[in-house]
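K.L.:
I am attaching a structure below and will ask some questions about it afterwards.
Each value in this text was obtained by applying a stated rule to the coordinates, not by laboratory testing. Predicted model only: the values in this text are computed from it and were never measured. Here the Cβ positions follow ideal geometry from the backbone for every residue, glycine too, while neighbour counts run over all protein chains shown.
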Amino acid sequence: MNELVLALGWLGIYSPVALGACGSAIGCAIAGQAAIGAMVETEGGYGRFVGMSALPSTMVIYGIVIMFSLNRAVTPENAGALFGIGFMAGIAFFVTGVWQGRACASAVNAAKEKPEIFGLSLAPAAIIEGFAVFAFVFALVISGGIQ
Amino acid sequence: MADPDAYVALITSLPRHEELFVAKQPPLSRLRLEMRLKALSVEDAATLATLEHCLSWPAYGLETTEAEAFARGRAALDAVPQPELRSILRDRLQMRTLIAALRRRKAGGGPPPAQWGFGGIARRIAANWQEPAFGLERPYPWLSEAAGLLERGDALGFERLVLTESRAITRRRAEGHYFDFIAVAAYVLIWNIHDRWARANAAAAARRFHALADAALGARTDIFAER
């Protein structure tokens with residue numbers, strides 16, 4: 001039983017990085033494909049499209065920071081806390097990464113037709129980023145209480 | 001479940017459709033559209049071809065009979081796997097059934113047989129043959145206006161109404177799909193509507209030009225004759 005609990009503890013430590021990386025990869029891939037499609041259709045502003053497509057990459061950065069804050073000797077006493085915080089933070093980074101990629105793809109699609117709405121079209125992606133920041137900050141806060 | 005992000009690059013490479021009767025032509029040529037559509041998978045390309053073969057008027061020759069058109073529609077409804085696309089197909093074929101009934105009545109024809117057309121509305125059409133909109137105003141709000149336009153002989157207004165409603169059906173059924181095959185198929189079907197309007201304008205212009213030319217040169221039939 002103890003072995004399983006310890007394994008879950010290690011899973012919790014690495015989950016934010018692994019799930020954050022998956023979320024960032026999928027999100028960047030979705031937004032990146034949108035940027036490539038828009039480049040075929042437009043005559044300029046390519047840099048902006050590529051920049052937009054990189055927005056979901058922040059999820060893996062948050063995951064790395066959470067991993068460092070959780071990284072410690074895993075014991076039966078702290079394994080549950082490590083698993084709960086790390087795994088749930090990882091899920092949050094994964095989901096927000098994927099959906100931020102979709103929001104960025106829509107923003108690219110809209111901004112290629114009307115460049116003047118470029119800033120506004122990024123608002124949904126920025127709001128999604130805000131939710132990821134909530135998950136990040138509060139994971140840091142409660143990880144400070146783990147022994 | 002279909003991948004909702006299957007065709008992100010394809011969708012973003014397609015220019016937006018302008019307003020239907022404002023744009024003089026579709027946002028991109030058929031050649032460029034075909035080039036972009038090469039990104040479709042074999043199955044999706046086949047489904048799109050089935051949809052276009054059934055809904056695009058140029059795919060019907062003058063020699064196509066009513067029975068062949070019905071058979072083609074029914075085969076397409078069986079062949080299209082996506083429920084949303086089947087809904088678009090069914091709604092637009094029902095619309096054609098109603099328009100065909102209006103035209104049939106205007107031409108002095110009698111009520112259609114029970115198995116006629118699509119959507120199982122032939123019985124109601126036959127039962128209300130003398131009603132302006134066959135008693136179907138509630139499920140098809142555009143039908144009363146269409147009947148009025150047809151009675152008045154306003155071909156242009158009728159065409160505009162039909163194209164507007166066709167586009168509305170397509171958009172409504174594809175709502176919530178942004179980067180998947182349904183979004184691509186809806187784009188192409190709307191492209192066909194824009195193309196039809198652009199072609200109709202070109203044909204009307206050509207007819208008018210010939211009429212004006214005939215009127216102007218009517219008295220000079222030997223204009224190119226050698227003196």
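K.L.:
What are the ³J(HN,Hα) values, in whole Hz, obtained from phi via the Karplus relation 6.51 cos²θ - 1.76 cosθ + 1.60 with θ = phi - 60°, for each residue of region B:187-194 in sequence order, with x given for Gly and Pro?
P.N.:
4, 5, 5, 5, 4, 4, 5, 4
K.L.:
Same structure, new question: Below 8 Å, C-alpha to C-alpha, sequence gap of six or more: please give me the relative contact order for chain B in percent.
P.N.:
Rounded, it is 27 percent for chain B.
K.L.:
Give me a single rounded figure for A:96-107: the average over its residues of other chain Cβ atoms within 10 Å of their Cβ.
P.N.:
Average per residue, whole number: 2.
K.L.:
Among A:108, B:162, which comes first, then next, by fewest other beta-carbon atoms within 10 Å?
P.N.:
Going from least to most buried by this count: B:162, A:108.
K.L.:
Let me ask something else about it. If I build a Gaussian network model for chain B, linking alpha-carbon pairs within less than 10 angstrom, which residue out of B:30, B:138, B:160 has the largest mean-square fluctuation?
P.N.:
Among B:30, B:138, B:160, the largest GNM mean-square fluctuation belongs to B:138.
K.L.:
What list do you get for B:12, A:42 if you sort them by fewest beta carbons within 10 Å?
P.N.:
A:42, B:12
K.L.:
Additional query: Using a 10 Å cut-off on Cβ to Cβ distances, tally the other chain neighbours for every residue of A:27-33 and report the average as a whole number.
P.N.:
So the per-residue partner count for this stretch is 3.
K.L.:
Moving to a separate point now. Spelling out what I want: for every residue of region B:166-183, take phi, set θ = phi - 60°, compute 6.51 cos²θ - 1.76 cosθ + 1.60 (Karplus), and round to whole Hz; glycine and proline get x.
P.N.:
4, 5, 4, 4, 4, 5, 4, 6, 9, 4, x, 10, 10, 10, 10, 5, 5, 5
K.L.:
Between residue A:54 and residue B:68, what FRET efficiency comes out of the Förster formula 1/(1 + (r/R0)^6) with R0 = 56 Å and r the beta carbon distance, rounded to 0.05?
P.N.:
0.55
K.L.:
May I have the extent of the alpha carbons of chain B along their three principal axes, as whole Å values ordered from largest to smallest?
P.N.:
On the principal axes, chain B reaches 73, 49, 31 Å in Cα extent.
K.L.:
For the protein assembly as shown, just say rounded, prolate or oblate: build the C-alpha gyration tensor, square-root its eigenvalues into a ≥ b ≥ c, call rounded for a/c under 1.5, and beyond that prolate if a/b exceeds b/c, oblate if not.
P.N.:
The shape class here is prolate.
K.L.:
Hey, what does the equivalent ellipsoid look like for region B:108-211, semi-axes from the Cα gyration tensor as sqrt of 5 times each eigenvalue, largest first, whole Å?
P.N.:
Result for region B:108-211: semi-axes of 27, 24, 12 Å.
K.L.:
Follow-up question, since we're still on this one. Run the simple label-point estimate for residue A:5 and residue B:115 please: 7 Å along Cα→C-beta, distance reported in nm.
P.N.:
Once both label points are built, they end up 7.3 nm from each other.
K.L.:
Still on this structure, please answer the following. Given 0.36 nm per residue, what is the gain on full extension from residue B:159 to residue B:43 after removing their alpha carbon distance, in nm?
P.N.:
Once the chain is fully extended between residue B:159 and residue B:43, it gains 38.5 nm.
K.L.:
Let me ask something else about it. In whole Hz, with x marking every Gly and Pro, tabulate ³J(HN,Hα) for region A:104-111 from phi via Karplus 6.51 cos²θ - 1.76 cosθ + 1.60, θ = phi - 60°.
P.N.:
5, 4, 5, 5, 4, 4, 6, 5
K.L.:
Net charge near residue B:76: determine it from the other residues with C-beta under 11 Å of the C-beta of residue B:76, scoring Lys and Arg +1 and Asp and Glu -1.
P.N.:
Residues near residue B:76 contribute +3 overall.
K.L.:
So if the hydrodynamic radius of region A:1-107 is defined as the Kirkwood radius over C-alpha pairs, what does Stokes-Einstein give as its diffusion coefficient at 25 °C and 0.890 mPa s, in µm² per second?
P.N.:
Calculated translational D: 168 µm²/s.
K.L.:
With a 10 Å cut-off between alpha carbons and a GNM built on chain A, which of A:39, A:59, A:67 moves the most?
P.N.:
Ranking A:39, A:59, A:67 by mean-square fluctuation puts A:39 first.
K.L.:
Springs between alpha-carbon pairs under 10 angstrom, Gaussian network model over chain B: which of B:14, B:217, B:93 fluctuates most?
P.N.:
Result: B:217 has the largest fluctuation of those listed.
K.L.:
Something else now. Please work out the C-alpha center-to-center distance from region A:58-132 to region B:21-35 and express it in whole Å.
P.N.:
39
K.L.:
Starting from the Cα-Cα distance between residue A:137 and residue A:114, subtract it from 0.36 nm times their residue separation and give me the gain in nm to one decimal.
P.N.:
Gain in length upon complete extension: 4.8 nm.
K.L.:
Now for a separate question. Arrange A:142, B:193 by Cβ neighbour counts within 10 Å, fewest through most, would you?
P.N.:
Ascending number of Cβ neighbours within 10 Å: A:142, B:193.
K.L.:
Helix-only mean residue ellipticity at 222 nm, the protein assembly as shown, DSSP H runs n ≥ 4 weighted -39,500 (n - 2.57), per residue, nearest 500. What is it?
P.N.:
-23000 deg cm²/dmol
K.L.:
Note down the relative contact order for chain A as a percent, whole number, built from C-alpha pairs under 8 angstrom at least six residues apart.
P.N.:
35
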